[in-house]
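The values are calculated or read from the model by the stated rules, or taken from the named source; none is laboratory data. It should be emphasised that the depicted structure is a prediction, and the values quoted were computed from it without experimental measurement. When we count neighbours, we look across all protein chains shown, and the Cβ atoms used for this are built from the backbone with ideal geometry, even at glycine.
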Amino acid sequence: MSNILECKNLRKQYGKLVALNDINLELPEGKIIGLLGPNGSGKTTLIKLASGLLVPSSGQITVGGNAPGIESKKIISYLPERNYLDNTMTVNQLIGFFGDFYPDFNKNKAVDMLTRLNIDSARKLKTLSKGTKEKVQLIMVMSRNAKLYILDEPIGGVDPAARDYILETIISNYNEDATILISTHLIADIESVLDDFVFIKNGEIVMQSSVDKIRDEQGKSVDALFREEFKC
Amino acid sequence: MAWDFESDRSIYSQIIEHFELSILSGELLPGAKLDSVRELASQASVNPNTMQRALSELERIGLVYTQRTNGRFITQDLSAIENARNNFAKKHIIDFLNRMQSLGLNKAQIIDLIEKYYEEDLQ
């Protein structure tokens, strides 16, 4: 099986602050992978390097064999941790916008998911609640037929019902050729959805394994392991 | 509604157990058609790859079979189900016996207690 994402001696510094130190990482195709670590461990920095929003200080990162750029952006569908959409757009305009931007955007899929949620697509984004906006954003991202989905904290600020919806959307839109990378610190909620996980701590990868392997070998959940590893 | 999973063992083995129990209890009848991997993964709120692996294992042990174009079905082979019932019971009885022995009970005491509470429970 080939890798969708590879990092070699990847390093990122902000001034004197080292955010990522000598990261070596390979993420295979066809998996749902958790990027797990406490606040400030470097999760978002790694994601921004993969999506081309940041440039490495040294080392390499490739997505589908290419350094971040036009080619890699075609195959990455990225959900940032913040709402980045134009609030004055209606949901319909947003669908058109995504369709113009990304050839792999499946408009029918998006409309279908919005309809099931009873979201009126004539409404402007600014009139939607925070939770609904987050769902709309996720629907846009998951309606692309990408090779790598990168979801930065998709379940951060939503209520449990919305969280279930988000997980359900991720599962039901997953296709076995694609990889989904989900960053979060809410591990218990997401553990059963993951194949593999990566622990990141102080800018370094401290563990990469599969959820069921840890459970079989150590007799405890990844959530419990995380609490031990990152005990304050 | 997501299925409940214990945190101390693999989700894969718990999915298999969930199906075994559903089949043995008659909730899933012989010959019944299963939903697609994606639907089942959604219902259970688990990774589709894990669901797929669990279904393959159920197929290997003969509780589930695939019909090329129609999907997956519960076996109609009642002896396979009986076999699974025995294995399931055996596993739980051994677990139970180990726990009773660790409480310091011997075979005769365990059997006495079973008879006592079995009767009480039935009334």
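When residues of region A:99-136 are filtered for being under 22 Å from residue A:70 (Cα atoms) and in contact with a Ser or Thr (Cβ under 7 Å, 6 or more places away or on another chain), how many remain?
Here the count works out to 2.
Could you list, in sequence order, the residues of region A:94-108 that are in a helix (DSSP H, G or I) and in contact with a Lys or Arg (Cβ under 8 Å, 6 or more places away or on another chain)? Give the steps one after another, and end with the answer.
At the first step, the residues of region A:94-108 found to be in a helix (DSSP H, G or I) are A:94-101, A:107-108.
Listed by number, the residues that qualify are A:95, A:98, A:99.
Out of B:78, B:103, which single residue is more than 14 Å from every other protein chain (Cβ to nearest Cβ) and farther than 23 Å from residue B:24 by Cα? Please lay out each step first, then the result.
Numbers: B:78 fails: farther than 23 Å from residue B:24 by Cα.
None of the other options fit; the residue is B:103.
Identify all residues within region A:7-33 that are part of a strand (DSSP E or B), over 15 Å from residue A:204 (Cα atoms) and either in contact with a His (Cβ under 7 Å, 6 or more places away or on another chain) or in contact (Cβ under 8 Å) with a residue 12 or more places away in the chain (or both); write none if there are none. Let's see the steps before the verdict.
Of the residues in region A:7-33, the ones part of a strand (DSSP E or B) are A:7-14, A:17-28, A:32-33.
Next, only the ones that are over 15 Å from residue A:204 (Cα atoms) stay: A:14, A:27-28, A:32-33.
Passing the criteria: A:27, A:28, A:32, A:33.
Keeping to region B:19-55, report how many residues are closer than 22 Å to residue A:215 by Cβ and within 12 Å of chain A (Cβ to nearest Cβ).
Matching residues across region B:19-55 total 16.
Of the residues that make up region A:98-107, is at least one among the basic types (Lys, Arg), more than 14 Å from chain B (Cβ to nearest Cβ) and in contact (Cβ under 8 Å) with a residue 60 or more places away in the chain?
To start, the set of residues in region A:98-107 that are among the basic types (Lys, Arg) comprises A:107.
Filter once more, so that each one left must be more than 14 Å from chain B (Cβ to nearest Cβ): A:107.
From what's left, in contact (Cβ under 8 Å) with a residue 60 or more places away in the chain: none.
No, that holds for no residue.
Quick check on this structure: which one of B:74, B:15, B:94 is surrounded by fewer than 13 Cβ atoms within 10 Å (Cβ to Cβ) and at pLDDT 95 or above?
Details: B:74 fails: surrounded by fewer than 13 Cβ atoms within 10 Å (Cβ to Cβ); B:15 fails: surrounded by fewer than 13 Cβ atoms within 10 Å (Cβ to Cβ).
Selected residue: B:94, the only one of B:74, B:15, B:94 that is surrounded by fewer than 13 Cβ atoms within 10 Å (Cβ to Cβ) and at pLDDT 95 or above.
Evaluate the following for residue A:213: is it surrounded by fewer than 18 Cβ atoms within 10 Å (Cβ to Cβ) and closer than 27 Å to residue A:23 by Cβ? Talk me through it step by step, then tell me what you get.
Details: surrounded by fewer than 18 Cβ atoms within 10 Å (Cβ to Cβ): yes; closer than 27 Å to residue A:23 by Cβ: yes.
For residue A:213, the condition - surrounded by fewer than 18 Cβ atoms within 10 Å (Cβ to Cβ) and closer than 27 Å to residue A:23 by Cβ - is met.
Could you check region A:169-190 and list, in sequence order, the residues that are in contact (Cβ under 8 Å) with a residue 60 or more places away in the chain and not polar (S, T, N, Q)?
Within region A:169-190, A:170, A:174, A:176, A:177, A:178, A:180, A:181, A:182, A:185, A:187, A:190 meet the criteria.
Of the conditions (1) over 30 Å from residue A:220 (Cβ atoms); (2) crowded, with 21+ Cβ neighbours inside 10 Å, residue A:151 fails just one. Which one is it?
Unmet for residue A:151, out of (1) over 30 Å from residue A:220 (Cβ atoms); (2) crowded, with 21+ Cβ neighbours inside 10 Å: (1).
Looking only at region B:65-100, count every residue that is on the phi < 0 side of the Ramachandran plot and not in a helix (DSSP H, G or I) and tell me the total.
We begin by selecting, within region B:65-100, every residue on the phi < 0 side of the Ramachandran plot; these are B:65-70, B:72-100.
Of the ones still in play, those that are also not in a helix (DSSP H, G or I) are B:65-70, B:72-77.
Adding up the residues that qualify gives 12.
Which one of these does residue A:208 not meet: (1) in a strand (DSSP E or B); (2) polar (S, T, N, Q); (3) closer than 21 Å to residue A:134 by Cβ?
It is condition (3) that residue A:208 fails.
Considering only region A:33-55, I want to know if a residue exists there that is within 14 Å of another protein chain (Cβ to nearest Cβ), buried (at least 19 other Cβ atoms within 10 Å of the Cβ) and small (Gly, Ala, Ser).
To start, the set of residues in region A:33-55 that are within 14 Å of another protein chain (Cβ to nearest Cβ) comprises A:33-34.
Add one more test, that the residue is buried (at least 19 other Cβ atoms within 10 Å of the Cβ), and what stays is A:33-34.
From the residues that got through so far, the ones that are small (Gly, Ala, Ser) too are A:34.
Looking for residues that are within 14 Å of another protein chain (Cβ to nearest Cβ), buried (at least 19 other Cβ atoms within 10 Å of the Cβ) and small (Gly, Ala, Ser), one finds at least one in region A:33-55, hence yes.
Hey, can you tell me all the residues within region A:167-177 that are crowded, with 18+ Cβ neighbours inside 10 Å, in contact with an Asp or Glu (Cβ under 8 Å, 6 or more places away or on another chain) and more than 9 Å from chain B (Cβ to nearest Cβ)?
Across region A:167-177, there are no qualifying residues.
For region A:91-118, give me each residue that is over 20 Å from the mean Cα position of the chain (by Cα), of a type outside the set (Asp, Glu) and surrounded by 12 or more Cβ atoms within 10 Å (Cβ to Cβ).
A:91, A:92, A:93, A:94, A:95, A:96, A:97, A:99, A:107, A:111, A:114, A:117
Working only within region B:20-64, note down all residues that are part of a loop (DSSP other than H, G, I, E, B), in contact (Cβ under 8 Å) with a residue 24 or more places away in the chain and not polar (S, T, N, Q).
Restricting attention to region B:20-64, the residues satisfying the condition of being part of a loop (DSSP other than H, G, I, E, B) are B:25-32, B:34-36, B:45-47, B:61-63.
Then keep just the ones that are in contact (Cβ under 8 Å) with a residue 24 or more places away in the chain; that gives B:28-32, B:34, B:36, B:45-47, B:63.
Across region B:20-64, the qualifying residues are B:28, B:29, B:30, B:31, B:32, B:34, B:46, B:63.
Test of understanding: among A:193, A:158, which residue is surrounded by 15 or more Cβ atoms within 10 Å (Cβ to Cβ) and facing chain B (nearest Cβ under 9 Å)? Working first, answer last.
Values: A:158 fails: facing chain B (nearest Cβ under 9 Å).
After ruling out the rest, the residue left standing is A:193.
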